[in-house]
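The values are calculated or read from the model by the stated rules, or taken from the named source; none is laboratory data. Keep in mind that what you see is a predicted model, and the values were worked out from it rather than measured. We place every Cβ from the backbone using ideal geometry, glycine too, and count neighbours over all the protein chains shown. Accessible surface areas use protein heavy atoms only, side chains included; no ligands, DNA or RNA. Shrake-Rupley method; radii C 1.70, N 1.55, O 1.52, S 1.80 Å.
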Amino acid sequence: MSTDPSIETLRIREAAAGDLDGIARIYGTLWCNTLRNRGDIEDAELAARFNVAMQLQDSPIALVAESDGEVIAACMVGVFDDGAPRPNPAWQQTYDELLAQATARAETADAKLEGSLFGDSREKATSRRFAATGNPYAQGQVNLIIIDPAWQGRGLGRRLIDAARGHLRDLGCSAFFLMTDNQSDYAFYDHIGMERIAEDHSQDTGDGFTVYIYGDAC
Ligand SMILES: CC(C)(COP(=O)(O)OP(=O)(O)OC[C@H]1O[C@@H](n2cnc3c(N)ncnc32)[C@H](O)[C@@H]1OP(=O)(O)O)[C@@H](O)C(=O)NCCC(=O)NCCS
(Lines give C-alpha, C1' and ligand atoms only; values in the text may rest on other atoms or scores of the structure.)
Protein backbone atom coordinates (compact mmCIF):
# COMPACT_ATOMS: atom_id res chain seq x y z
CA MET A 1 0.00 0.00 0.00
CA SER A 2 1.33 3.44 -0.81
CA THR A 3 0.29 6.04 1.73
CA ASP A 4 -2.71 8.15 0.75
CA PRO A 5 -1.23 11.63 -0.09
CA SER A 6 -3.88 13.32 2.08
CA ILE A 7 -2.48 11.41 5.09
CA GLU A 8 1.04 12.75 4.54
CA THR A 9 -0.15 16.35 4.84
CA LEU A 10 -2.58 15.72 7.73
CA ARG A 11 -1.82 17.71 10.87
CA ILE A 12 -0.54 15.66 13.82
CA ARG A 13 -0.32 17.65 17.05
CA GLU A 14 -0.22 17.29 20.82
CA ALA A 15 -3.60 16.48 22.37
CA ALA A 16 -5.23 19.46 24.10
CA ALA A 17 -7.87 19.64 26.84
CA GLY A 18 -10.71 20.04 24.31
CA ASP A 19 -9.79 16.80 22.51
CA LEU A 20 -11.16 14.36 25.10
CA ASP A 21 -14.60 14.10 23.50
CA GLY A 22 -13.19 13.70 19.99
CA ILE A 23 -10.85 10.90 21.06
CA ALA A 24 -13.60 9.27 23.15
CA ARG A 25 -15.91 9.34 20.11
CA ILE A 26 -13.45 7.15 18.18
CA TYR A 27 -12.77 4.91 21.19
CA GLY A 28 -16.52 4.43 21.71
CA THR A 29 -17.07 3.60 18.05
CA LEU A 30 -14.40 0.91 18.21
CA TRP A 31 -14.90 -0.62 21.62
CA CYS A 32 -18.10 0.35 23.44
CA ASN A 33 -20.67 -0.95 20.99
CA THR A 34 -21.97 -3.78 23.14
CA LEU A 35 -23.18 -1.18 25.65
CA ARG A 36 -24.55 1.12 22.96
CA ASN A 37 -26.32 -1.72 21.17
CA ARG A 38 -28.24 -2.64 24.28
CA GLY A 39 -29.26 1.02 24.75
CA ASP A 40 -26.78 2.05 27.45
CA ILE A 41 -25.70 5.22 25.64
CA GLU A 42 -24.65 7.14 28.76
CA ASP A 43 -22.65 4.21 30.10
CA ALA A 44 -20.95 3.71 26.72
CA GLU A 45 -19.92 7.38 26.71
CA LEU A 46 -18.68 7.23 30.31
CA ALA A 47 -16.64 4.09 29.54
CA ALA A 48 -15.07 5.74 26.50
CA ARG A 49 -14.25 9.02 28.27
CA PHE A 50 -12.91 7.26 31.36
CA ASN A 51 -10.65 4.87 29.42
CA VAL A 52 -9.30 7.65 27.20
CA ALA A 53 -8.59 9.88 30.23
CA MET A 54 -6.82 6.98 31.95
CA GLN A 55 -4.47 6.59 28.98
CA LEU A 56 -3.94 10.36 28.67
CA GLN A 57 -2.87 10.80 32.29
CA ASP A 58 -0.40 7.97 31.74
CA SER A 59 1.03 9.33 28.47
CA PRO A 60 3.57 12.18 28.43
CA ILE A 61 3.34 11.92 24.63
CA ALA A 62 -0.28 12.28 23.46
CA LEU A 63 -0.83 12.91 19.77
CA VAL A 64 -3.94 13.47 17.71
CA ALA A 65 -4.46 13.73 13.96
CA GLU A 66 -7.13 16.11 12.80
CA SER A 67 -8.97 16.77 9.55
CA ASP A 68 -11.18 19.85 9.10
CA GLY A 69 -10.93 20.52 12.84
CA GLU A 70 -12.16 17.03 13.80
CA VAL A 71 -10.02 14.49 15.67
CA ILE A 72 -9.72 11.39 13.46
CA ALA A 73 -6.99 9.44 15.25
CA ALA A 74 -4.98 9.40 18.47
CA CYS A 75 -1.78 7.83 19.69
CA MET A 76 -0.77 7.95 23.36
CA VAL A 77 2.66 7.00 24.51
CA GLY A 78 4.00 6.36 28.00
CA VAL A 79 7.57 6.74 29.22
CA PHE A 80 9.16 4.72 32.04
CA ASP A 81 11.77 5.93 34.49
CA ASP A 82 13.52 2.85 35.92
CA GLY A 83 10.39 0.76 35.35
CA ALA A 84 7.96 3.32 36.78
CA PRO A 85 5.50 5.14 34.47
CA ARG A 86 5.92 8.90 34.14
CA PRO A 87 2.50 10.61 34.51
CA ASN A 88 1.10 13.43 32.37
CA PRO A 89 -0.12 15.88 35.04
CA ALA A 90 -2.15 17.90 32.50
CA TRP A 91 -4.78 15.14 32.49
CA GLN A 92 -4.74 14.16 36.19
CA GLN A 93 -7.77 16.17 37.31
CA THR A 94 -9.93 15.02 34.38
CA TYR A 95 -8.92 11.43 35.08
CA ASP A 96 -9.66 11.72 38.82
CA GLU A 97 -13.14 13.09 38.10
CA LEU A 98 -13.96 10.36 35.60
CA LEU A 99 -12.52 7.67 37.88
CA ALA A 100 -14.89 8.84 40.63
CA GLN A 101 -17.84 8.66 38.21
CA ALA A 102 -16.81 5.23 36.88
CA THR A 103 -16.27 3.85 40.39
CA ALA A 104 -19.69 5.08 41.52
CA ARG A 105 -21.33 3.61 38.41
CA ALA A 106 -19.53 0.29 38.82
CA GLU A 107 -21.10 -0.24 42.23
CA THR A 108 -24.37 -1.17 40.53
CA ALA A 109 -22.88 -2.45 37.25
CA ASP A 110 -23.30 -5.84 35.65
CA ALA A 111 -20.32 -7.76 34.29
CA LYS A 112 -20.55 -6.23 30.81
CA LEU A 113 -20.47 -2.65 32.05
CA GLU A 114 -17.81 -3.43 34.64
CA GLY A 115 -15.65 -4.95 31.89
CA SER A 116 -16.11 -1.93 29.64
CA LEU A 117 -15.23 0.43 32.46
CA PHE A 118 -12.28 -1.39 34.00
CA GLY A 119 -10.96 -3.96 31.49
CA ASP A 120 -8.31 -1.52 30.26
CA SER A 121 -7.27 -0.77 33.86
CA ARG A 122 -6.60 -4.47 34.41
CA GLU A 123 -4.56 -4.60 31.19
CA LYS A 124 -2.59 -1.62 32.45
CA ALA A 125 -1.75 -3.51 35.63
CA THR A 126 -0.26 -6.27 33.43
CA SER A 127 1.85 -3.75 31.54
CA ARG A 128 3.06 -2.15 34.77
CA ARG A 129 4.18 -5.56 36.04
CA PHE A 130 6.01 -6.11 32.76
CA ALA A 131 7.71 -2.68 32.93
CA ALA A 132 8.71 -3.22 36.54
CA THR A 133 10.73 -6.32 35.55
CA GLY A 134 13.27 -4.01 33.90
CA ASN A 135 12.73 -5.55 30.46
CA PRO A 136 14.90 -3.63 27.94
CA TYR A 137 11.82 -2.81 25.82
CA ALA A 138 10.14 -1.13 28.79
CA GLN A 139 11.47 2.36 28.11
CA GLY A 140 8.31 3.57 26.36
CA GLN A 141 4.87 2.14 25.69
CA VAL A 142 2.23 2.87 23.08
CA ASN A 143 -0.73 2.98 25.47
CA LEU A 144 -3.40 3.53 22.85
CA ILE A 145 -3.58 3.90 19.08
CA ILE A 146 -6.98 4.37 17.49
CA ILE A 147 -7.94 5.46 14.01
CA ASP A 148 -11.48 6.49 13.05
CA PRO A 149 -12.81 3.56 10.95
CA ALA A 150 -13.44 5.97 8.04
CA TRP A 151 -9.69 6.73 8.00
CA GLN A 152 -8.25 3.27 8.53
CA GLY A 153 -6.07 1.58 5.92
CA ARG A 154 -4.66 4.82 4.49
CA GLY A 155 -1.29 4.94 6.26
CA LEU A 156 -2.26 6.94 9.34
CA GLY A 157 -1.52 4.17 11.86
CA ARG A 158 1.96 3.71 10.49
CA ARG A 159 2.50 7.49 10.47
CA LEU A 160 1.43 7.78 14.12
CA ILE A 161 3.67 4.90 15.22
CA ASP A 162 6.58 6.57 13.39
CA ALA A 163 5.76 9.87 15.11
CA ALA A 164 5.69 8.04 18.46
CA ARG A 165 9.11 6.52 17.75
CA GLY A 166 10.50 10.00 16.99
CA HIS A 167 9.15 11.49 20.23
CA LEU A 168 10.50 8.54 22.23
CA ARG A 169 13.95 8.91 20.65
CA ASP A 170 13.87 12.63 21.54
CA LEU A 171 13.28 11.60 25.16
CA GLY A 172 16.30 9.28 25.06
CA CYS A 173 14.48 5.94 24.62
CA SER A 174 15.93 3.26 22.34
CA ALA A 175 13.08 0.72 22.52
CA PHE A 176 9.39 0.53 23.35
CA PHE A 177 6.59 -1.98 23.78
CA LEU A 178 2.82 -2.13 23.53
CA MET A 179 0.05 -4.42 24.64
CA THR A 180 -2.70 -5.70 22.45
CA ASP A 181 -4.82 -8.85 22.41
CA ASN A 182 -6.19 -11.51 20.13
CA GLN A 183 -9.50 -9.60 19.87
CA SER A 184 -7.83 -6.43 18.50
CA ASP A 185 -6.02 -5.64 15.25
CA TYR A 186 -2.75 -7.17 16.49
CA ALA A 187 -1.69 -8.34 12.99
CA PHE A 188 -1.01 -4.67 12.20
CA TYR A 189 2.00 -4.84 14.51
CA ASP A 190 3.32 -8.02 12.86
CA HIS A 191 2.87 -6.29 9.52
CA ILE A 192 4.88 -3.19 10.47
CA GLY A 193 7.73 -5.37 11.69
CA MET A 194 7.29 -5.40 15.47
CA GLU A 195 8.18 -8.53 17.43
CA ARG A 196 5.76 -10.39 19.71
CA ILE A 197 7.87 -10.67 22.86
CA ALA A 198 5.38 -12.11 25.38
CA GLU A 199 1.86 -13.50 25.87
CA ASP A 200 -0.35 -13.35 28.94
CA HIS A 201 -3.24 -15.80 29.42
CA SER A 202 -4.23 -14.71 32.93
CA GLN A 203 -7.46 -13.03 31.74
CA ASP A 204 -8.64 -16.03 29.71
CA THR A 205 -12.06 -16.86 31.14
CA GLY A 206 -12.61 -19.70 28.68
CA ASP A 207 -12.92 -17.58 25.54
CA GLY A 208 -9.21 -17.84 24.68
CA PHE A 209 -8.59 -14.17 25.43
CA THR A 210 -4.84 -13.61 25.19
CA VAL A 211 -2.84 -10.45 25.78
CA TYR A 212 0.12 -9.97 23.43
CA ILE A 213 3.12 -7.77 24.17
CA TYR A 214 4.97 -6.45 21.14
CA GLY A 215 8.31 -4.65 21.18
CA ASP A 216 10.56 -2.77 18.78
CA ALA A 217 13.44 -0.33 18.59
CA CYS A 218 12.53 3.35 18.45
C1 LIG B 1 -4.80 -1.10 13.80
C2 LIG B 1 -4.81 0.35 13.33
C3 LIG B 1 -4.18 1.24 14.41
C4 LIG B 1 -3.98 0.45 12.03
O5 LIG B 1 -4.00 1.77 11.54
P6 LIG B 1 -4.32 2.05 9.99
O7 LIG B 1 -4.21 3.49 9.75
O8 LIG B 1 -5.61 1.40 9.65
O9 LIG B 1 -3.12 1.23 9.28
P10 LIG B 1 -2.19 1.75 8.09
O11 LIG B 1 -3.07 2.18 6.97
O12 LIG B 1 -1.19 2.73 8.60
O13 LIG B 1 -1.46 0.38 7.70
C14 LIG B 1 -0.05 0.26 7.57
C15 LIG B 1 0.22 -1.12 7.03
O16 LIG B 1 -0.30 -2.11 7.94
C17 LIG B 1 -1.27 -2.93 7.27
N18 LIG B 1 -2.37 -3.19 8.21
C19 LIG B 1 -3.25 -2.29 8.71
N20 LIG B 1 -4.11 -2.89 9.56
C21 LIG B 1 -3.77 -4.20 9.55
C22 LIG B 1 -4.30 -5.33 10.23
N23 LIG B 1 -5.34 -5.25 11.08
N24 LIG B 1 -3.70 -6.53 10.00
C25 LIG B 1 -2.64 -6.65 9.17
N26 LIG B 1 -2.08 -5.59 8.51
C27 LIG B 1 -2.66 -4.39 8.70
C28 LIG B 1 -1.74 -2.11 6.07
O29 LIG B 1 -2.21 -2.94 5.02
C30 LIG B 1 -0.46 -1.38 5.70
O31 LIG B 1 0.39 -2.25 4.96
P32 LIG B 1 1.36 -1.72 3.78
O33 LIG B 1 1.86 -0.35 4.19
O34 LIG B 1 2.43 -2.77 3.72
O35 LIG B 1 0.52 -1.73 2.57
C36 LIG B 1 -6.26 0.85 13.02
O37 LIG B 1 -6.80 0.07 11.99
C38 LIG B 1 -7.20 0.85 14.21
O39 LIG B 1 -7.36 1.87 14.86
N40 LIG B 1 -7.87 -0.30 14.50
C41 LIG B 1 -8.86 -0.40 15.56
C42 LIG B 1 -8.28 -0.22 16.93
C43 LIG B 1 -7.19 -1.25 17.24
O44 LIG B 1 -7.41 -2.43 17.10
N45 LIG B 1 -6.00 -0.69 17.63
C46 LIG B 1 -4.80 -1.47 17.76
C47 LIG B 1 -4.84 -2.67 18.61
S48 LIG B 1 -4.82 -2.28 20.33
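Things worth noting here:
- On full extension, the segment bounded by ASP81 and GLN183 gains 33.7 nm, given 0.36 nm per residue less the C-alpha separation.
- ALA163-ALA198 FRET efficiency (beta carbon distance; Förster radius 30 Å; 0.05 resolution): 0.75
- Within the chain, no helix built from a complete DSSP H run reaches 24 Å or longer along its own axis (Cα positions) while carrying a mean Kyte-Doolittle hydropathy of 1.0 or higher.
- Judged by the ratio a/c of the largest to the smallest principal axis of the C-alpha gyration tensor, segment 90-162 counts as oblate, that ratio being 1.5 or greater while a/b is no larger than b/c.
- Rounded Å value of the spacing that divides the Cα centres of segment 175-214 and segment 103-144: 14
- Cut-off 20 Å (backbone N to label point 7 Å along Cα→Cβ of GLN152), residues of segment 1-39: 1-8, 22-38
- Contour minus Cα-Cα distance for ARG129 and GLU70 (0.36 nm per residue): 17.7 nm
- Distance between segment 146-172 and segment 20-35 - C-alpha centres, whole angstrom: 19
- Working note: Cα gyration tensor of segment 48-139, eigenvalues times five, square-rooted, sorted largest first, giving semi-axes of 23, 20, 12 Å.
- Placing unit charges on the Cβ atoms only, positive for Lys and Arg and negative for Asp and Glu, gives the chain a dipole magnitude near 320 debye about its Cα centre.
- Radius ratio Rg over Rh of segment 82-218, counting only Cα atoms, Kirkwood formula for Rh: 0.97
- Calculated accessible area for segment 5-217 comes out at 47 Å² per residue, all protein chains present (probe 1.4 Å; ligands, DNA, RNA ignored).
- Only Cα pairs under 8 Å and 6+ residues apart enter the sum, and on that basis the relative contact order of the chain stands at 19 percent.
- Nearest-0.05 FRET efficiency for GLN101 and ARG13, computed from C-beta distance (R0 22 Å): 0.20
- Rounded to 5, percent antiparallel among DSSP beta bridges of the chain: 95
- The accessible surface of segment 93-218, taken with every protein chain in place and a 1.4 Å probe, is 47 percent carbon and sulfur.
- Charge sum, other residues only, whose C-beta stays under 9 Å from GLN55's C-beta, Lys/Arg counted +1 and Asp/Glu -1: -1
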